[in-house]
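Structure first, then comments.
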């Protein structure tokens, strides 16, 4: 990973030195003729993945409705409003509002959900087998929440966050990415935690099916102005709204102008969902640089949760 990180930095500096800032409204290209996706981008938005129940049947907001939705959502997300909270709930909210970056705007299309297909804006139903598997997993988590660090989520263990995905989803802060592009590879540095997605575009085949990775095995190719990335070989340790190791994820990165990439992904997992679904998230140019997120350094929250569990067990006489 250090070698990959060093190569990414060198490639970044070389490409930055040779490139030119494109004019607004144009989609620039690299020397080999492919769309230039390089730069620092953010996918922050308050538009939810799924359409809220109170907006059922409504695919788009009017301008006035969008303004009202933004005002209400920003107020609801403000964690500094703690006047009626118990001490436990206050502590549970963690940071104050200055540390969060959930965004303040809906997507420019004013869609009521990031999901564009199916038309209802909702994640399709799980298959019966997937629903049973998810229920068993949740029951196991309730029965053994803190036997050891492996019982906690990958995010709490500083291993993987939904912003890295894939698919890459906005979260409550650190929604920034740096894309570096060169012959045979596209690299995406994810601000949250530590990940660098290395995407071969040289036509090499996927890894053998018995080799599984948390972030899957990506392979990219160009279709017109879009970078299309197919990712397979996921594990059963990560899931996206109930997906399993059979997930086939198709991502499309399309540079629509100098300040925007249209990021689209399709989740195709017939053993988990009754049908595929597709979402679109705009990635807007952001001011860099991306700073290191040293999650593992001093991750005392993990140690404290386990100490607390052992103290509870001792108190109960177990």
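Each value in this text was obtained by applying a stated rule to the coordinates, not by laboratory testing. Quick caveat: nothing in here was measured; it's all calculated off a predicted structure. Glycine gets a Cβ as well: all are built from the backbone with ideal geometry, and neighbour counts include every protein chain shown.
Here are the numbers for the structure shown:
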item	result
Residue exposure sequence - 313, 230, 63 - by fewest surrounding Cβ within 10 Å	63, 313, 230
Rounded to 10°, Cα long-axis angle of helix 300-316 versus longest principal axis of the chain	20 degrees
Shape call, region 115-183: gyration tensor on alpha carbons, a/c limit 1.5	oblate
Diffusion coefficient, µm² s⁻¹, Stokes-Einstein with Kirkwood Rh over alpha-carbon pairs of region 125-256 at 37 °C and 0.692 mPa s	201 µm²/s
Protection proxy ranking of 297-306, 84-93 - average other beta-carbon atoms within 10 Å, highest first	297-306, 84-93
Shape call, region 219-318: gyration tensor on alpha carbons, a/c limit 1.5	oblate
The chain - percent relative contact order, Cα under 8 Å, separation 6 or more	22 percent
Separation between Cα centres of region 247-276 and region 166-242, rounded to whole Å	11 Å
Angle in degrees between helix 2-18 and the longest Cα principal axis of the chain, rounded to the nearest 10	40 degrees
Cα shape, the chain, gyration tensor, a/c 1.5 rule	rounded
Cα long-axis angle, helix 63-77 against the chain (0 to 90 degrees, to the nearest 10)	40 degrees
